[in-house]
Structures are given as C-alpha cells and as structure tokens.
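The structure appears below as structure tokens.
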Amino acid sequence: LLTAPLPQERGGNNSFTHEALTLKYKLDNQFELVFVVGFQKILTLTYVDKLIDDVHKEFRDKYRNEFQQKGALGLLNGTFDFKDDFMRLLRDAEESSRVRAPTVMKTFEQSLKSQKTVKCMIETRGEKPKEKVKNKKNKGSKKEGTETAAAPSKASGGDKQPSAAGDKEELTKDEILQKNREEFFRRHMKAGEKSRSPKPDAQKEKGKKPRVWDLGNSNAKVLDYSNSATNGSAEACPVEEFDPDMALGDKNREPGRLYDLEYESEDEAEEEKVVQNTSKPSTKKGGLGGMFGMLKGLVGSKSLTREDMDPVLEKMKDHLIAKNVAAEIAVQLCESVAKKLEGKVMGTFTTVTSTVKQALQEALVQILQPQRRVDVLRDVMDAQRHRRPYVVTFCGVNGVGKSTNLAKISFWLIENGFSVLIAACDTFRAGAVEQLRTHTRRLNALHPPESHGGRTMVQLYEKGYGKDAAGIAMEAISYARNQGFDVVLVDTAGRMQDNAPLMTALAKLIAVNAPDLVLFVGEALVGNEAVDQLVKFNKALADHSMAQTPRLIDGIVLTKFDTIDDKVGAAISMTYITSKPIVFVGTGQTYCDLRSLNAKAVVAALMKA
C-alpha cells in the first residue's frame, strides 16, 4: 500500500493517502523503527498524532534493552506482547479527544429573578432601593453593619426606636437627614469614650525594646558553620521538616516522569474564518473585479518569485524578532525559507502567506529537533554497567538558575531510582554552598533513606569557599566512585562570557574532569544575548582546552520558561547557533516544574499572532 518512499527530512509531511485510506507514520532514527497508523480518509480522527506519539514512546521504552542488544534487524522474526498496551493507549487517546458537552442554560424558574415578588419591586418614597444598597462598595457595607449593630442596643435601651420606625414614612427628606446626622454623632461620641479608657495602660507599656526578626535567632551558635563537616556526609545535611506539597506542586503527577512542554494553540478554523471576514469588504467594493482578484490570489497559477515573498518575509522577520528571536537568526531563517520556496509552484487555493508560513513552521520544527538526542537515563544506566558515576557539569552566566534547576534534575533522578552526589564547585558566590545544602535537606526529606532501603539518595560534597573548583570536582567524582553513587552533578560559579580568567577556569574544570555531559543553563528571557553567550562560551572552551578535540557544550537547560508567555524565541536562537538539543526546560519554583521540550508546542507559541 505504501508505494512512496518515507521522507527523511524532519518536520516534513508524515502522511500518505491512497484512495480511501490514509497512513500516518513516525520515524525513530535511534533504533531504525517506523510506526504506522492506518485509517479511513473520510474519518476525522483528531487523536491520531497523540496515539502514534504515545505508542512510539511506550514501545521504545518497553523494548529498549532488546533493541540495544540485538538491534532492530535482529528482532524482525520475533514477537512483541504489545496488544494490551496498544488498546490502553488507544482508549486514552479516544477519551482525550472527546468534546465536553455544552452547558445547559438555566430556566426562568431556576433564576433569582423568578423568586422576586411584586411587593419587593415597589419603592416607597424616601427609601433607598435594595439593589443599590447591595451594589455599594466595602465602605458602604461596613457602614450598614455598624447601623444594624447599633439598632438592637437602641431598641433595648428605650422606646424611641419603634416609634421612629413607625413614623419613618411620615418624615420628610430633610428630617430624615437631620435624624441620621444626630445618630451618627451620638454613635461616634460613645465610641470615642470607649477608646480613651485603655489609653493610660498603653502608655505604661511604651519603652525602647530590642527588635527581634521573624526569621532570626538570638543564639549566635546557630549561625556558626566553622566546624561543620565538609565531606558530603549525611550528618552535614540532616533531614529537614517542611510541607512537601509546597515543594512538589502537582499531586496527580506520575513519579519520575518528565512531562512534555505544553502550549494550547489557537484553532486553525477560527484563524481561517478571520482571514475570510477581513477579505469580504474588499470583494463588495470591487464587485466582480474584486471577486476575480481574490480567486487569482488563491488559485495556484504561477511559480513563486522573490518579489512575491519579500513583503510576507519582512512581516515574518519582524514577528520573529518580536517573539524574542535574535535579529541575526531571524534574517537567516527568512533567507533560507526564501531560497527553498523560490521557483516553487503554489498549490490550488493557497496564498503566498500560507505557503511561506507553512515552510517557516517546518524549518522551525527542524531546528528544535537536532540530530543528536540526549537520553540522560539511558546514559546513566550505561555508566552503571561500567561501575562508574555519570558526571554532569552545569555552566552559564550569573543568575540564570543553575543551582535551582540542578536541584530539580536531582529530584527527577532520585525518583527514577538513582543516587545523586552534588558537588558544590561554586566557591565564589556568597551563600552558594548554603543554598545547595538547603536543597539537599529538602530532597532527603522528600526521599528519606527509610524509603530506599536505608540508602541516602542525595548528598552534598563541599569544601567551603575560595578553593580550586576543578580540584573539588575531581575529589567529588572520586568520592562518588568509592561510595557507589550513580550520578555526580557539578555546580559551577556563574560567569560572564567576556570574563577571560573565569572562562579559563571553567575550561580547565571540564578538561581535567572530562564530564559525560556539559549543560549550558540559559534563561528564556534573553534575545540577542543568547547568541553572544553561547558563541563565546563555546569559543572559550575550545581556546582554553588542552585536548586536540576540545570539549564543547553538549546540551541546553532553558530556565524561567513560565515568565515569557508566548515569547519563546530564545529556544530557537540557542538551538540554531549550537545545533545542540534543549534537554530540560524549567517552568516554575517547585521540584516538579521540569519539562522536556515539545518542538510543536514551541513553534505554535512562536507563530501565534
């Protein structure tokens, strides 16, 4: 049935139609697998993409070990027990695509208006309407509260209140105002007498007292860390008691799972409807000429030229720059799209704008899906078989969130059953070691040794401040090898890309310790600065490396992604300039706010108007 060859380009069209049937497929380049879903073309199945993605992940994770040992070709004649898993994924995909039933409007009998009587709608002269009293602000409501509180006391004190209530209808407007003023002054005079009585006692308590801060402690020994252990032992990081809900966030999450980044894109049908509505006035004014002009713009009758695409590409370039894509990269992207489309014949009922937009989307998806895919869990298990720790080094400029996201990755690794040793190699910034110590205490509180057979899942290795970072990292790796830790996470000091001495020290740390993974931590708030940071970091690592083949950045951790709304251009800038994947995305303040990059979600946010 599938007579056309499978395209190898990433982000291209992944469907094939033959008569009344449609096939959708997905390639797995790592294990040389092809996942195909077939269905009738007449059916509108919105869950096909989700189904094939879920099947791909489930099947690959289930039979990963067999593929690594024998390869895909060695298992051609084998059988796979995957029927129950497929039916479960199919049911989940079908349930996720079901449309929620529309809300039923209330009947007149169920509304509040039907409960009102004719009597309550009649307004007496001199009285204020009840609706206006309800709609008053807080100040008015407080005033009513004081009046109602004073009413019972007056009724018990004398007979004036009932007579006033009975004669309220007979009083004129001026008399009502005068009476309200007298009650107001009388009430405030009584309140003033009550407030004056405790005043002498308050004056006796006055005096100068030392101020005690809420988070402080009068005992200075609590702040003395001079005799603390510095070998990463459990005594240096005791278990801390705190609310786990604040640190975990989502209670319904699956432990150890790294969820994809999500973004709700606008419906394409609404977008097409807006385009049609904007084109209607021009057709009315032009008559038949406007109608033929619209058809001429829709029907593909000629090949695309650079003059046709220039106005659209200029708008696309400005749109990308507004979404935080670096200006230089936005120009290069539009130039590559123009070269790809120049001379191409447009399809029937397609506009230049839609053709350019589709080509740009495919190019952006291709950028966000680099050739080399970083699978941290697979690499950690491979290091376990060789009986050595898996070493990850974090680097980046100041204040991007290296220590915070290191703690999130530690939590993710612990939930997958791996023990972690955190190496405090930021010996420059004040409070860097204490920050990691606090994270270690909280991670041990969330995963105590009792839950893991008496094994401490996370420890801190630190030697204080002012020491050589490369030496501390080497000692931490040796300590992890001797103590049987699975992963070593090396935290480094933040440094600007223009600081040559600090960049030389970072290159030395990476060259001496040869980590398995070097992650650049960058924030999603930057635009053109992202290009400058990555280029100079890679250049410094290459210039100051002692090896013939210098070790450069292997992947990217994109932080503060929850602060940018749809201005996601930093992801495009970073991956375009380095061709390295975005391994993790930080999206919040809790340990669970760690995501993997979803290229389609990022492109949908980027192309949003």
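The values are calculated or read from the model by the stated rules, or taken from the named source; none is laboratory data. Because the structure is a prediction, the values reported are computed rather than measured. All Cβ positions, even for glycine, are placed from backbone atoms using ideal geometry, and neighbour counts span all protein chains on display. In case anyone asks, the SASA skips ligands and DNA or RNA and just uses the protein heavy atoms, side chains included. Shrake-Rupley method; radii C 1.70, N 1.55, O 1.52, S 1.80 Å.
Applying both filters, DSSP loop and at most 15 other Cβ atoms within 10 Å, to the trypsin sites (Lys or Arg not before Pro) of segment 360-414 gives 372, 373, 387. Solvent-accessible surface of segment 304-368, taken per residue with a 1.4 Å probe and all protein chains present: 49 Å².
A dipole drawn for segment 304-368 from +1 and -1 charges on Cβ atoms has a positive end, and of 329, 312, 355 the residue lying farthest that way is 355. Modelled this way, with points 7 Å down the Cα-to-C-beta line, the labels at residue 499 and residue 80 are 5.0 nm from one another. Backbone amide hydrogens, once placed in the peptide plane, bring residue 391 within less than 5 Å of 488, 516, 517, excluding anything fewer than 5 places away on its chain. Within segment 494-599, what whole-number % of the accessible surface is contributed by carbon and sulfur, with the 1.4 Å probe and all protein chains included in the calculation? For segment 494-599, the apolar C and S fraction of the accessible surface comes to 51 percent. The loop-placed trypsin sites (Lys or Arg not before Pro) in segment 473-540, going by DSSP, include none that has at most 14 neighbouring Cβ atoms within 10 Å of its Cβ. Ordering 16-29, 512-525 by mean Cβ neighbour count within 10 Å, with the highest value first, yields 512-525, 16-29.
Exceedance of the 32 Å cut-off in Cα-Cα distance is limited, within the set 315/402; 62/508; 62/600; 323/408, to 315/402; 62/508.
Once the 1.4 Å probe is applied to the protein heavy atoms, segment 376-599 comes out at 37 Å² accessible per residue. Solvent-accessible surface (1.4 Å probe) assigned to residue 80 amounts to roughly 80 Å².
Summary of the geometry: segment 411-452 and segment 20-66, compared by the centres of their Cα atoms, lie 38 Å apart.
Within segment 308-387, the GluC sites (Glu not before Pro) that combine a DSSP coil assignment with at most 13 other C-beta atoms in a 10 angstrom radius are 342.
When the listed pairs 339/536; 357/608; 317/536; 26/580 are checked against a 18 Å cut-off, the alpha-carbon distance exceeds it for 339/536; 317/536; 26/580. When a 1.4 Å probe is rolled over the protein heavy atoms, the share of accessible surface on segment 304-368 that falls to carbon and sulfur comes to 55 percent.
Using Cα pairs under 8 angstrom and six or more residues apart, how large is the relative contact order of segment 304-368, in percent?
With pairs under 8 Å counted, the relative contact order is 44 percent.
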